Amino acid sequence: MIKVHKVSKVYGKGLNRIVAIGELSFEVEKGEFVMLFGPSGSGKTTILNIIAGLTRPTYGTVYIAGEDIFQMSDSELTKFRARNIGLVFQFQSMLPHLNALDNVRLALRLAGKKDDPELAEKALRRMGLGDRLTAYADELSMGQQRRVGIARALINKPSILLCDEPTGDLDSETEKSIMEMIKKAHLAGTTILMVTHNCSLGTYATRILQKNLAV
């Protein structure tokens, strides 16, 4: 499903050269829930952004469902990502100028699908946010914002869900709630790659990768 082959990301040149990721290779099979552990600053977010096609690697290739995503044009990659990949971020879970319902509806439009407010509402209700449909980010807790982000990521039924520290700033009760929602998506057939520094979350995964990605 996901194949990362000798991927490197280098910033700057000469004395200012910084290797964020060096010759990283791994695979995630269809239906797996893989967690990638690493300390802060080890390149976890960078590799997730590369897999999502948000950042291009300096060297190496990324295959998703057998396709080399960086052989696509920017517009092709944007469409491919919108239709096949759901993204859950640690920060900026919601677009602040849109309410919860419109945040989720936006994902449908970006994927080229029909705007469906009822479908978006159902997605939010499944996240326990039926009474917060018109709320904006500054009216919601961090845990509620994260739930909106999960609803938006799953609205198009992506084959892959990429999660970047989705519980990093949450209390233990909210953390458990968010992880149960992500686990439910996995049980429904979604392939999940999650990066985190929190090793205690490993019980949710089917496989764990642990490596300091920076060299």
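The figures follow:
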read-out: Flag for A153 being crowded, with 21+ Cβ neighbours inside 10 Å, of a type outside the set (D, E, K, R) and assigned to a helix (DSSP H, G or I); value: yes
read-out: Of all residues in region 150-170 being in contact with a helix residue (DSSP H, G or I) (Cβ under 8 Å, 6 or more places away or on another chain) and among the small types (G, A, S), the one that is nearest to V28 (Cα to Cα); value: S159
read-out: Selection within region 39-80 - closer than 18 Å to I18 by Cα and charged (D, E, K, R); value: K44, R56
read-out: Test result for K3, under 28 Å from V148 (Cβ atoms) and charged (D, E, K, R); value: no
read-out: All positions within region 115-141 that are surrounded by fewer than 18 Cβ atoms within 10 Å (Cβ to Cβ) and in a helix (DSSP H, G or I); value: P117, E118, L119, K122, R125, R126, D138, E139
read-out: Region 68-87: number of residues that are under 22 Å from L154 (Cβ atoms) and without any contact (Cβ under 8 Å) to a residue 60 or more places away in the chain; value: 6
read-out: Residue match in region 158-167 (condition: touching a residue at least 12 places away in the same chain (Cβ under 8 Å), among the aliphatic types (A, V, I, L, M) and farther than 21 Å from N49 by Cβ); value: no
read-out: Qualifying residue in region 175-187 (condition: in contact with a Phe, Trp or Tyr (Cβ under 8 Å, 6 or more places away or on another chain), among the hydrophobic types (A, V, I, L, M, F, W, C), in contact (Cβ under 8 Å) with a residue 24 or more places away in the chain and more than 17 Å from F89 (Cβ to Cβ)); value: no
read-out: Residues being assigned to a loop (DSSP other than H, G, I, E, B), surrounded by fewer than 20 Cβ atoms within 10 Å (Cβ to Cβ) and small (G, A, S) - total across region 157-215; value: 5
read-out: Qualifying position, being among the small types (G, A, S), touching a Pro at 6+ places or on another chain (Cβ under 6 Å), modelled with pLDDT under 95 and closer than 23 Å to L108 by Cα, among A137, A188; value: A137
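The values are calculated or read from the model by the stated rules, or taken from the named source; none is laboratory data. Values in this document were obtained by computation on a predicted structure and should not be read as measured data. Positions of Cβ are generated from backbone atoms using ideal geometry, with glycine treated the same way; all protein chains shown enter the neighbour counts.
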